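What follows is a short report on a single structure.
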Amino acid sequence: MKYYLTTPIYYVNAAPHIGHAYTTIVADLWRRFKRMQGYEAVLTTGSDEHGVNVERAAERAGKTPKEFCDVIAAEFERQWQLLGLQIDHFQRTTNANHARVVNDLFKRCRDNGFIYKGSYTGQYCIFDNLYVNDAKPSDPCPDCGRPTETITEENFFFKLSAFAGRLLELYESQPEFIQPETRRNEVMSFVRQGLNDLSITRTNIKWGIPVQGEAPHVFYVWFDALATYISAVDGIKSSEGEELWPADLHLIGKEIVRFHAVFWPAFLMAAGMELPKRIFAHGWLLFEESKMSKSRGNIVRSEPIRQVMGADALRYFLLREVVFGQDGSFSYDALVGRYNSDLANGLGNLASRTLTMINQYRGGAIPEGTEPEIAALANDTIQAFQDAFERFEFSKGLEAVWALISAVDKFIVKWAPWKLARQLEDSSAQEQLSTTLYTAAEALRIAAALLYPVLPQSTPKIWAQLGMPEPIESVRYDTLGWGGLKPGQTVGEVTGVFPRIDLKEAVANMRALEDQATAEQAVLMGKKPAEPAAQASEPAKITIDDFLKVDMRVGLVLTAERVKGSDKLVHITVDIGEPEPRTLVAGIAEAYTPSELVNRKVVIVANLQPRKLKGITSNGMIVAASVGDGKPVLAGFHEDIPVGARLK
Ligand code: MSP
């Protein structure tokens, strides 16, 4: 039976980072998991290539939009290959069949009376390709905070307003349509407020899919982008001849839930087409307290992590450490910590001690004998793991497997095979030794098979070391139960699968490679290599006008307190000569106590876009030098200086 799942198609105006990798890794995990359950799972991803943003990025890179897209789309594909992700179809919105599918969707909606021509005047965010209803000129975009632009033009409109009732019925009758529950509630309350019609074409963009017979209209990016889920599998059938559409699962990040759970089903309803079965919107990966994004410059890439720790270490960390559906922080230290405690000491150690003992005490042949308690626990784990995964509770599913690993560890210690091995003349000791070794090896086999979707590069090694004849990916969970390991089978050569990693060294290596990757990706985006690393030795030259754009003022810190739940952040109010003090959140709590800050004169960047950190809106930035491994030292003055003075 087919199972069709998708990731978002990523914008090509930013190079891939682990935020994109997160969704794509989970999709790959899910594809493998569904295959282990016997489905013919198909995964598509791709690139979202049209729109003003891309046009501008290409211009900056000195390329045509198509040339630029070719480079970045190839880079996304390359990253997924490096990570070993099994992607069935990589669909680009510039592929020829895609334009046909988009026009077909449009025509169906139009023939059914859900599309009309109208005039649009309003605010538009070119960065998010978002029309911002009810906004005034230069109001900020609700998503990214950048100023919106006013536009007036003739557009085709989609009658979204006609679908509120049907959408609510859909959410009510199929509660699993949008998950998790928080996102479902959010979408339902949005739809309950009533829906405005949606402009789905534009006339002032050149880089877009032309609306057939309606020049100069081109499709608005979301109408274009969402149709990828259909065009990616257009004409492709499962081996049993089933159509792949409708999708069984759209995996997305939470910020695009509205497009997927409101617009997309409405387009499909209007076109008289089948709806996807389920949308799961996961949370954000945060780095240094905020969402990783190109504009904030706080990006981590997967490649340095893969090179130093391996792709499985990254997968394991993301699935175990982050509760799927909620936001989670990425940190190099936590990544290495998890690897050492759970993979090197946990699974890796169980594998090497068990297999080494079978070699030493049983000449490499799997002995016979089962300890019923461990067998029962292993069989329960097969169920518990799948139940948790079915609910997208990956972390819980992994906990269940690690509970089995630690029970087997304790069981080995209890029977101390190294002692039993010395009692050569005692047949019951020898029997107990065989039982202990078989039980540990069989539990290891079950753990490895369960974990294959999570650790697809390392579990096949454990599998081969157990001497299993068939490939691990051909295992099916419904026949995995206790007893599959055949006594007499010979184990393979035993090598450590997860060698321990030195924290300091690994983090230093990853950071160094990260700097290199930043520079390489900047070149891909057409920037000069020195530009992205603003702190690097040779910052790019700017004009005096560039400098004067930065409004730096002298401020006096009035209050300071640590931000709850953060080691780094401090919440301060600063008098900068305005009627009201400014609220700032600064990452200096490790270097300064609140009392050291109060009454101190500091330098503030006063015209920075507001930014929310831990729920507090920060209206500016405190200026500090960064020394050593990033310790901040506040800028200040020797002379007494009035509050509000501008730095020039
Ligand atoms: N092109 C649209 C999607 C169209 S789908 C028909 C788009 N592209 S994007 O490049 O911005 O990718 C957004 C997606 O990338 C998120 O929804 C999520 O899947 C993933 N992520 C990007 N940054 C992320 C984090 N920092 N954390 C978690 N996921 C992140 O939106």
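Which of the following residues is within 15 Å of the ligand (Cβ to nearest atom), of a type in the set (K, R) and either in contact with a Phe, Trp or Tyr (Cβ under 8 Å, 6 or more places away or on another chain) or assigned to a helix (DSSP H, G or I) (or both): R315, R320, R306? From the options R315, R320, R306, the qualifying one is R315.
Restricting attention to the stretch 391-429, which residues are of a type in the set (F, W, Y) and touching a helix residue (DSSP H, G or I) at 6+ places or on another chain (Cβ under 8 Å)? Please lay out each step first, then the result.
First pass over the stretch 391-429, keeping only residues of a type in the set (F, W, Y): 392, 394, 402, 411, 415, 418.
Passing the criteria: F394, W402, F411, W415, W418.
Considering the stretch 26-74, the residues that are acidic (D, E) and more than 30 Å from K237 (Cα to Cα) include one that is surrounded by the fewest Cβ atoms within 10 Å (Cβ to Cβ), namely E67.
For every residue, the table says whether it meets (1) in contact with a strand residue (DSSP E or B) (Cβ under 7 Å, 6 or more places away or on another chain); (2) closer than 22 Å to Y116 by Cα; (3) hydroxyl-bearing (S, T, Y).
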site: R192; (1), (2), (3): no, no, no
site: N196; (1), (2), (3): no, yes, no
site: S199; (1), (2), (3): yes, yes, yes
site: T228; (1), (2), (3): yes, no, yes
site: A232; (1), (2), (3): yes, no, no
site: S239; (1), (2), (3): yes, no, yes
site: H250; (1), (2), (3): yes, no, no
site: E255; (1), (2), (3): no, no, no
site: A261; (1), (2), (3): yes, no, no
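On the stretch given as the stretch 551-580, residues that are in a strand (DSSP E or B) and loosely packed, with under 15 Cβ neighbours inside 10 Å total 4. The single condition among (1) exposed (fewer than 13 other Cβ atoms within 10 Å of the Cβ); (2) at pLDDT below 95; (3) acidic (D, E); (4) under 29 Å from R78 (Cα atoms) that D515 does not meet is (1). Take the conditions (1) modelled with pLDDT of 85 or more; (2) part of a loop (DSSP other than H, G, I, E, B); (3) of a type in the set (S, T, N, Q); S138 misses just one of them, which is (1).
If I ask for residues that are more than 25 Å from the chain's Cα centre (by Cα) and without any contact (Cβ under 8 Å) to a residue 12 or more places away in the chain, which ones from the stretch 381-404 would you list? Q383 - this is the single residue of the stretch 381-404 that is more than 25 Å from the chain's Cα centre (by Cα) and without any contact (Cβ under 8 Å) to a residue 12 or more places away in the chain.
When every residue of the stretch 216-223 is checked against the conditions, at least one turns out to be out of contact with any strand residue (DSSP E or B) (no Cβ under 8 Å at 6 or more places or on another chain) and within 15 Å of V102 (Cβ to Cβ). Applying the criterion of being assigned to a strand (DSSP E or B) and more than 6 Å from the ligand (Cβ to nearest atom) to the residues of the stretch 3-19, the residue that is farthest from H260 (Cα to Cα) is Y3.
Taken over the stretch 20-53, the criterion of being among the polar types (S, T, N, Q) and within 13 Å of the ligand (Cβ to nearest atom) is satisfied by T23, T24, T44, T45, S47, N53. Among the residues of the stretch 278-303, the ones that are at pLDDT 95 or above, part of a strand (DSSP E or B) and more than 30 Å from R110 (Cβ to Cβ) come to 2 in all. Among the residues of the stretch 7-15, is any within 17 Å of K237 (Cα to Cα) and not hydroxyl-bearing (S, T, Y)? No.
Scanning the stretch 168-194 for residues being hydrophobic (A, V, I, L, M, F, W, C) and more than 19 Å from G325 (Cα to Cα) gives a total of 4.
Do we have any residue at all in the stretch 174-196 that's within 30 Å of E59 (Cα to Cα) and of a type outside the set (F, W, Y)?
Our first condition is that a residue be within 30 Å of E59 (Cα to Cα); within the stretch 174-196, this holds for none.
Taking every residue of the stretch 174-196 in turn, none turns out to be within 30 Å of E59 (Cα to Cα) and of a type outside the set (F, W, Y).
Any residue in the stretch 90-101 that is within 13 Å of the ligand (Cβ to nearest atom), touching a Phe, Trp or Tyr at 6+ places or on another chain (Cβ under 9 Å) and closer than 24 Å to L251 by Cα? There is at least one residue in the stretch 90-101 that is within 13 Å of the ligand (Cβ to nearest atom), touching a Phe, Trp or Tyr at 6+ places or on another chain (Cβ under 9 Å) and closer than 24 Å to L251 by Cα.
Taking every residue in the stretch 462-481 that is closer than 12 Å to A449 by Cα and pairing it with any residue that is modelled with pLDDT under 95 and not in a helix (DSSP H, G or I), at least 6 positions away or on another chain, the pairs with Cβ-Cβ distances below 8 Å are A464/G492; L466/G492.
Please determine whether any residue of the stretch 264-276 is closer than 17 Å to T6 by Cα, buried (at least 21 other Cβ atoms within 10 Å of the Cβ), within 23 Å of the chain's Cα centre (by Cα) and modelled with pLDDT of 95 or more. So far as the stretch 264-276 goes, yes, one or more of its residues are closer than 17 Å to T6 by Cα, buried (at least 21 other Cβ atoms within 10 Å of the Cβ), within 23 Å of the chain's Cα centre (by Cα) and modelled with pLDDT of 95 or more.
What do you reckon, is Q81 free of Cβ contacts under 8 Å to residues at least 12 places away in the same chain and either closer than 30 Å to R306 by Cα or assigned to a loop (DSSP other than H, G, I, E, B) (or both)? Break it down into steps so the answer makes sense when it comes.
Numbers: free of Cβ contacts under 8 Å to residues at least 12 places away in the same chain: yes; either closer than 30 Å to R306 by Cα or assigned to a loop (DSSP other than H, G, I, E, B) (or both): yes.
Yes; evaluated as a whole, the condition is true for this residue.
Mind listing just one residue for me: the one in the stretch 171-190 that is among the aliphatic types (A, V, I, L, M) and buried (at least 21 other Cβ atoms within 10 Å of the Cβ) and, of those, nearest to H282 (Cα to Cα)? Per the criteria, the residue is I178.
Looking only at the stretch 597-644, how many residues end up being surrounded by fewer than 16 Cβ atoms within 10 Å (Cβ to Cβ) and on the phi > 0 side of the Ramachandran plot? The qualifying residues number 6.
Could you tell me whether any residue of the stretch 266-277 is near the ligand (Cβ under 7 Å from one of its atoms), without any contact (Cβ under 8 Å) to a residue 60 or more places away in the chain and either in a loop (DSSP other than H, G, I, E, B) or not aromatic (F, W, Y) (or both)? Talk me through it step by step, then tell me what you get.
Within the stretch 266-277, the first condition is being near the ligand (Cβ under 7 Å from one of its atoms), and the residues that meet it are none.
No, because not a single residue in the stretch 266-277 is near the ligand (Cβ under 7 Å from one of its atoms), without any contact (Cβ under 8 Å) to a residue 60 or more places away in the chain and either in a loop (DSSP other than H, G, I, E, B) or not aromatic (F, W, Y) (or both).
The values are calculated or read from the model by the stated rules, or taken from the named source; none is laboratory data. What you see is a predicted model, and the numbers here were worked out from it, not measured in a lab. As a convention, Cβ positions derive from the backbone with ideal geometry for all residues, glycine included, and neighbour counts pool all protein chains shown.
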